[in-house]
Amino acid sequence: MEQAQQTRRMWRFNFDSLAELTALARELGAPLEVSEDVSVLAEPVTAGDLHIPNSLAVHPMEGCDGDAQGRPGRLTLRRYDRFAAGGAGLIWAEAIAVAPEGRANPRQLWLNSDSREAFAAMVTHMRSAAAEHMGKEHRPILVAQLTHSGRYSKPQGKAEPIIPVRDPYRDPLSPEPLPNALRPSRIPDDWPLVTDAYLDDLQDRYVEAARLAFETGFDAVDIKSCHGYLINELLAAHTRPGKYGGSFENRTRFLLEVIDRIREAIGPVPITVRLGVYDAIPHPHGWAVDTEDYTQPDLTEPKALIEQLRRRGVQLINVTAANPYYNPHVGRPFNMPIRDGYEEPEHPLLGVHRLIRLTGELQQAFDDVAFVGTGYSWLRHLMPYVAAGSKHADLARLIGAGRMALAYPDFARDILRTSRMDPHKVCVACSACTQLMRDGMTAGCVVRDNKLYGPIFRKGRLRDPEHLRRLAQQCLQCQDPTCQRACPAGVEIPQFVAAFLEGRERDAYEVIRRTNILPEICAWLCPVEEQCQGGCLQGILGDRPLPIAEIQRHVAEQANRNGWSRLRWPPEATGRNVAIIGGGPAGLAAAAVLIEAGHRVTIYDRSTRLGGMIEAVIPPARQCDALREEVHAIFQDVPSDRLVLRLGMELGAELTLDTVMAEGYDAAFIGLGLPKAAGTSDDRLQGLYNALDFLNLAKTEPGRLDLVGKKVAIVGGGNTAMDAAVTAKGLGAKDVYLIYRRSFEEMPAWSAERQRAMDAGVHFMILAQQLGYLSKNGRLTGIRLCPVTLGAADRSGRRRPLPHAEAAYSLNMDVVIEAIGQKAMDKLDAVLSGVAIRDGLIALREGSYETSRDGVFAGGDLVHGASTVVAAVTDGMTAGREIAARLAALSGH
């Protein structure tokens with residue numbers, strides 16, 4: 001064992017010169033063609049109607065960073081801008097789903113009519129970035145890779161495999177619902193095969209996606225046929241009955257018919273294929289393998305398929321091999337595996353040689369087709385010389401880089417301009433980018449892009465339950481747990497941690513559920529560094545506090561995915577009816593308690609979706625649709641005689657508390673929150689927003705917020721201000737200034753939120769007060785500010801700001817966002833007749849959640865002022881129990 005580990009350490013990249021590399025390659029029987037004249041890589045390549053400006057390509061590298069609608073997200077745009085600026089002549093965009101059920105993760109890109117505009121904007125940005133950094137004459141070819149993930153489909157984060165055949169090698173490796181992707185589970189034996197009818201209809205999805213791709217500005221489309229996804233698996237469907245399995249003609253039918261149908265529908269557009277040419281899985285389950293020895297490729301069928309593609313006008317093929325879930329070393333030679341992955345079973349150079357040889361054999365067999373070679377990233381700074389050697393020997397017309405492009409997006413520019421690559425920028429084949437995907441995170445280079453992806457990687461590791469258990473072993477099981485006292489819900493943290501450590505995850509969930517009915521969203525949004533984890537003694541006595549929030553999130557995710565969180569109501573209803581006014585966390589928590597008490601609940605909310613302010617304005621990066629998924633899991637099976645939703649109904653002149661109670665409710669709970677922004681925003685001034693409207697637009701209609709290259713000011717210092725600032729940066733603002741009138745110490749935003757804004761590059765301007773705005777022709781052009789000194793403390797306990805207007809100054813700004821507080825809806829006292837209002841908030845009876853109006857209860861931000869999600873949940877659950885007790889007393893129970 002020790003000797004094997006030592007051997008593998010020797011296999012890691014350790015070359016100071018090209019001579020050392022080539023000498024070892026010859027010794028291994030895997031000689032490489034090399035050339036120190038890399039000018040050949042600057043040669044343009046023609047593939048049919050595609051004119052590629054040089055011989056370097058970026059392979060499709062999925063980032064898992066789109067949004068729920070499939071639109072490119074902030075990190076997607078950043079990645080492709082960097083690729084475009086990096087100089088490669090061919091940029092092969094990552095896997096883009098053609099159908100929602102075929103997405104490999106909830107954030108996979110998906111091309112549809114709703115996402116079309118966002119893709120078009122991405123292509124436009126790429127064109128601009130390429131011209132800016134490489135000159136106006138440089139126009140890279142952009143390929144859209146269209147895909148269906150097949151057996152690896154997880155559109156909601158839970159494995160929903162769509163399989164054309166049973167496979168004894170890959171069936172046991174279907175990823176479980178995140179975050180257990182590292183702990184594979186077998187596809188059940190009775191899992192159905194995808195039908196021929198589905199595959200027939202799926203061809204229409206490919207045609208429509210191709211049409212949209214060309215409309216958005218892509219130069220070509222790729223019908224992805226590799227890495228074990230649906231079409232690649234069809235190529236190996238020897239055991240499948242029907243027209244899509246068995247014979248070579250049937251197994252290639254789907255791919256070829258899709259190409260034919262695109263041609264028929266759209267015309268002679270450029271179509272490409274990323275083709276897996278060797279599965280390295282035993283026959284009959286693997287494609288292009290020797291029937292007697294699967295470790296040996298057999299290119300007979302790939303060549304026959306390429307001939308068919310060639311006849312259909314396909315003149316650009318991107319070669320790859322194997323399956324990243326099953327045998328990643330074959331297609332992506334590495335130095336270090338992912339956590340719990342297998343060690344490299346062969347010297348990585350053998351894998352590099354194999355990939356180059358496979359591409360070379362095909363290139364020399366089809367002289368009129370341009371093949372893109374792969375396998376070069378492992379070579380680090382020596383990559384250009386092997387790439388040039390391969391190009392000189394006609395082993396490939398283009399040289400692609402995948403992991404290398406994530407680490408070193410400007411690799412091509414450096415090769416073209418300096419004839420070398422910087423050793424300090426190259427990929428080190430550490431598998432961390434793959435680990436990010438396996439952990440359910442957005443993917444990028446952890447080593448070379450550490451400022452951005454380092455924190456994401458660390459957070460991702462905290463989604464691996466085994467890693468969490470290793471960390472949880474440090475729990476001191478305190479007699480008087482300070483973590484529990486710091487939790488507003490009073491969750492019995494030592495108990496649920498102990499159950500989690502013993503593998504009793506459902507028991508752990510039940511401990512949490514006793515005092516927190518919405519634990520997943522709370523784990524996402526709570527300021528745990530100031531609550532439970534801030535109270536953990538290991539943060540004082542040990543190296544760091546226990547990852548309490550991450551453990552709670554994992555347990556809650558498992559509960560929501562396995563049905564443990566569903567509400568449990570008695571079979572006999574009580575006959576009592578309760579109105580819940582407000583569908584945010586407080587209202588939902590109260591509703592859950594009352595339904596489980598046997599009462600009929602009706603929820604009123606002005607939105608068409610439950611979730612309150614979380615659903616409306618909290619950025620997806622902070623909660624990842626957790627509330628929506630958790631609410632669905634909890635309430636999904638509640639029958640209509642126990643739960644009624646009256647959504648899209650806003651309190652006002654026609655709908656008041658009186659009209660609600662007139663419908664015969666026995667009690668009511670008010671959880672309206674603080675939905676309006678405080679401030680002086682003038683809706684007539686273009687470029688001036690309040691933070692709530694801005695954040696809602698950013699979630700629902702980001703295309704209306706053209707912030708790219710703009711200067712943006714945020715006025716305020718709370719958590720909403722931080723959300724607005726980070727969101728503005730994510731939407732492409734050149735500079736974002738956060739203007740706050742007190743000192744950094746008085747700033748009310750939580751420490752983690754402040755750090756998030758600083759990490760995003762937000763500029764903090766403290767001790768500065770906004771006086772007014774500058775405008776021209778109804779458009780904001782600047783902001784008036786003055787310096788501030790601090791006086792004595794005010795009622796909030798913070799030192800009072802003393803503005804010095806005599807020293808006022810102006811700053812040019814394109815956009816200003818006011819984030820200076822929230823308030824209740826207008827005319828609250830008129831809408832809530834009989835409910836006492838004090839300082840804009842509902843007043844409660846002492847020691848109770850009941851208001852001044854009998855039978856009407858309240859909780860959440862409208863009672864206490866802006867607070868945390870867990871505080872709102874606690875209010876809702878406590879008020880729900882008080883209402884249930886009152887109704888039981890009225891019934892004589």
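Annotations
- Take the Kirkwood radius over Cα pairs of the chain, plug it into Stokes-Einstein at 10 °C and 1.306 mPa s, and you get 53 µm²/s for translational diffusion.
- Considering only the chain, percent of DSSP beta bridges that pair antiparallel, nearest 5: 30
- Within the assembled protein chains, the solvent-accessible surface assigned to W750 is about 50 Å², based on a 1.4 Å probe.
- Note on E301: accessible area approximately 50 square angstrom, rounded to 10, probe 1.4 Å, nucleic acids and ligands left out.
- Shown here for the range 231-326: GluC sites (Glu not before Pro) in loop regions (DSSP other than H, G, I, E, B) with at most 13 other Cβ atoms within 10 Å, namely E292.
- On Cα atoms only, tilt of 348-365 relative to the major axis of the chain in degrees: 60
- The Kirkwood radius of the range 571-620, taken over pairs of alpha-carbon atoms, gives through the Stokes-Einstein law at 20 °C and 1.002 mPa s a diffusion coefficient of 185 µm² s⁻¹.
- Short-range pairs are left out: with C-alpha atoms under 8 Å and at least six residues apart, the relative contact order of the chain is 9 percent.
- Radius of gyration and maximum dimension Dmax of the range 524-587, Cα, Å: 17.9, 55
- Under the convention that each Lys and Arg Cβ holds +1 and each Asp and Glu Cβ holds -1, the size of the dipole of the chain around its Cα centre is about 1620 debye.
- Rg/Rh (Cα only; Kirkwood hydrodynamic radius) as it applies to the range 619-670: 1.08
- Treating r as the C-beta distance of S891 and S751 and R0 as 51 Å, the FRET efficiency rounds to 0.60.
- Counting only residues at least eight positions apart within a chain, or on another chain, the lysines with an alpha carbon under 25 Å from that of K676 are K699, K729, K823, K827.
- Accessible area ranking (1.4 Å probe, heavy atoms, ligands and nucleic acids excluded), largest first, for H133, H392: H392, H133.
- Value at 222 nm in deg cm²/dmol, rounded to 500, when DSSP H runs of n ≥ 4 in the chain each add -39,500 (n - 2.57): -10500 deg cm²/dmol
- Pairs of alpha carbons in the range 281-431 whose separation is greater than 28 Å (percent): 22
- The modelled label-to-label distance between Y169 and S796, using points 7 Å beyond Cα along the C-beta direction, is 6.3 nm.
- DSSP-loop GluC sites (Glu not before Pro) across the range 547-582, with at most 10 other Cβ within 10 angstrom: E572
- In summary, the aspartates and glutamates within cross-link reach of K243, defined as a Cα separation below 16 angstrom excluding same-chain residues under 8 places away, comprise D196, D200, D201, E233, E257.
- Computed from Cα positions, the angle between helix 548-562 and the longest principal axis of the chain comes to roughly 80 degrees.
- Antiparallel %, DSSP beta bridges [both residues in the range 122-275], to 5: 10
- Per residue, the convex hull around the alpha carbon atoms of the range 1-158 comes to 199 Å³.
- Helix 253-266 and the longest principal axis of the Cα set of the chain meet at an angle near 70°.
- Overall form of the range 727-815 per C-alpha gyration tensor (a/c, 1.5; a/b vs b/c): oblate
- Sequence of L436, L395 when ordered by accessible area, the most exposed leading, probe 1.4 angstrom: L395, L436
- Of the whole protein surface, D507 contributes about 70 Å² of accessible area at a 1.4 Å probe radius.
- Ranking W92, W191 by solvent-accessible area of protein heavy atoms (1.4 Å probe, all protein chains present), from largest to smallest, gives W191, W92.
- Residue among I551, Q686, M441 farthest towards the positive dipole end of the chain, charges placed on Cβ: Q686
The values are calculated or read from the model by the stated rules, or taken from the named source; none is laboratory data. Every value quoted in this text rests on a predicted model; they were computed, and no experiment measured them. Neighbour counts run over all protein chains shown; Cβ positions are idealised from the backbone, glycine included. The protein model used for the area step is the full one, side chains on, heavy atoms only, and it has no ligands, DNA or RNA in it. Shrake-Rupley method; radii C 1.70, N 1.55, O 1.52, S 1.80 Å.
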